[in-house]
Amino acid sequence: MKFPFLTLVLTVLIQGCAGQSHLIEDKLEIVVTENLRYYLYYPDNYESKDDEKFPLLLFLHGGGEAGVDSLGILKESGPPKLIAQGKQFPFLILAPQNPHKKKWWNTTAVVQLLDTIVRNNRVDQNRIYLTGLSRGGGAAWELAVQYPEKFAAMAVVCGMAPLPYANWIDKNMPIWVFHGEEDKSIPFSESENMVDRLKGMGYDVKFTRYPGVGHNSWVKAYNTEELYDWFVQQERKN
């Protein structure tokens, strides 16, 4: 499978002073290039049901899998691990790899990749789901803010959750949050406070907390069969 080479074009308004009393306006086209490798999983019946559109789950991994020169490392956690163990899913799964060990996910590039996959496959655009763990969980919150009309449902596992995000997330999108109460890397309070804020604002939020579990709460979360049943029940009403 060929990996897409993504070129992102941004327009920046530059304001500066020429001398002490002159304000100039200008613009500069900035080109940012991101090389994303990814796994794309197809359900067993994708080829046989060639007149049917399928849901798609976007999975964002954590920091431990970022910047590693091996796509196979993605099989160590989350849905890719379950696929490697033989689990069958009823939807496509897109699992990109963050190429930067110490950098945040380039969410603009991720969405460009997602849109490319959706265009080139039989994907139901009203049933695109989002999930991520740890650093990928934080990026999932960010994507929900940046693209509020794109996802039908979101599940976040032990991700950083800035409270101001709550004001920008689509109220029609169901959310399921998982977190270990003994997490020393990303405090449990990140999810707890966000869930409390969202519930107080009338959002549809499920919260699973794991007593005695540390940062690797994704092991339990992604082995929750109910999670995948819950995903396939969700559909955007545009």
Exercise. Is the shape of region 181-238 rounded, prolate or oblate, going by the alpha carbon gyration tensor and its root eigenvalues a ≥ b ≥ c, with a/c under 1.5 for rounded and a/b larger than b/c for prolate?
Worked result: oblate
Seminar exercise, completed: Rounded to two decimals, the Debye log10 I(q)/I(0) of the chain (Cα scatterers, no solvent) at q = 0.12, 0.15 Å⁻¹ is -0.69, -1.03
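What length, rounded to one decimal in nm, is gained on full extension from residue 88 through to residue 29, with 0.36 nm per residue of separation minus their alpha-carbon distance? Could you put the intermediate results ahead of the total?
Numbers: separation 59, 0.36 × 59 = 21.24 nm, distance 4.44 nm.
Computed gain between residue 88 and residue 29 is 16.8 nm.
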Problem set entry | Share of carbon and sulfur in the accessible heavy-atom surface of region 53-103 [1.4 Å probe, %] | 50 percent
For this session: Tell me the Kirkwood hydrodynamic radius of region 126-238 in angstroms, computed as one over the mean inverse distance between distinct C-alpha pairs.
Result: 13.7 Å
Exercise. Expressed in nm to one decimal, what extension gain is obtained for the pair residue 185 and residue 225 from 0.36 nm per residue of sequence separation less their Cα-Cα distance?
Worked result: 11.8 nm
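Could you size up the charge dipole of region 70-177 around its Cα centre, putting +1 on the beta carbon of Lys and Arg and -1 on that of Asp and Glu, and report it in debye to the nearest 20?
Numbers: 12 positive and 6 negative charges, 66 e Å.
In total the dipole reaches around 320 debye.
Enter the accessible area per residue of region 63-181 (Å², integer; probe 1.4 Å; all protein chains in place). It would help to have the intermediate numbers written out before the result.
Numbers: 4360 Å² over 119 residues.
Value for region 63-181: 37 Å² per residue.
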Exercise. Which of 177, 32, 219 moves the most in a Gaussian network model of the chain with Cα springs under 10 Å?
Worked result: 32
Seminar exercise, completed: Any residue on another chain or 5+ positions along whose placed amide H is under 5 Å from the amide H of residue 185 is listed here as 215
For this session: Considering the options 120, 109, 201, tell which one lies farthest towards the positive end of the dipole of the chain, charges being +1 on Lys and Arg and -1 on Asp and Glu at the Cβ, about the Cα centre.
Result: 109
For this session: Hey, can you grab everything whose amide H is under 5 Å from the amide H of residue 39? Only 5+ residues off in sequence or another chain; H modelled, so Pro and N-termini drop out.
Result: 95
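By per-residue mean of other Cβ atoms within 10 Å, what is the highest-first order of 146-155, 41-50? The partial results should precede the final answer.
On the way: 146-155: 19.6, 41-50: 12.2.
Packing proxy ranking, top to bottom: 146-155, 41-50.
Report the full-extension gain for the segment residue 44 to residue 168: residue separation times 0.36 nm, less the Cα-Cα distance, to one decimal in nm.
Details: separation 124, 0.36 × 124 = 44.64 nm, distance 3.67 nm.
Going from the current span to full extension adds 41.0 nm.
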For this session: Name the residues whose placed amide hydrogens come within less than 5 Å of the amide hydrogen of residue 153, ignoring near sequence neighbours (fewer than 5 apart) on the same chain.
Result: 130
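The values are calculated or read from the model by the stated rules, or taken from the named source; none is laboratory data. These figures come from a predicted structure and were not determined experimentally. In this analysis, Cβ positions are derived from the backbone assuming ideal geometry, glycine residues included, and neighbour counts consider all displayed protein chains. For the accessible areas, the whole protein counts, side chains as well, though only heavy atoms, and no ligand, DNA or RNA atoms are used. Shrake-Rupley method; radii C 1.70, N 1.55, O 1.52, S 1.80 Å.
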